[in-house]
Amino acid sequence: MIRWLIGVFIVLLLFGNFHRWLEKIGLGRLPGDFRFRLFGREFFLPFASSVLICVTILLVGKLF
């Protein structure tokens, strides 16, 4: 369980830094990704994209 939490945390950090570039390839606009404005700031929570990337990393890890 702790591995999943660490994995999701790392993916969320990566999305925070690279979300403009990732939106160009389609990640960050999936149905489970939430974007909302609160007090004049825009918040972005990429839940579906994070799960997709974690599963992809898991599958690649299982192959090697």
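Quick note: the coordinates plus some simple rules give every number you see, no bench work behind them. Everything numeric here is computed off the predicted structure, so don't read it as measured data.
For the chain, what does the helix formula give at 222 nm: sum of -39500 (n - 2.57) over DSSP H segments with n ≥ 4, over the residue count, nearest 500 deg cm²/dmol?
Value at 222 nm, helices only, nearest 500: -21500 deg cm²/dmol.
Choose one answer from Arg37, Arg29, Arg20: the residue with the largest mean-square fluctuation in a GNM of the chain with alpha-carbon springs under 10 Å.
Arg37
If contacts are Cα pairs under 8 angstrom and at least 6 residues apart, what is the relative contact order of the chain in percent?
That works out to 30 percent.
Could you calculate, for the stretch 2-63, the ratio of the Cα radius of gyration to the Kirkwood radius, expressed as Rg to Rh?
When Rh is taken as the Kirkwood radius, the ratio is 1.01.
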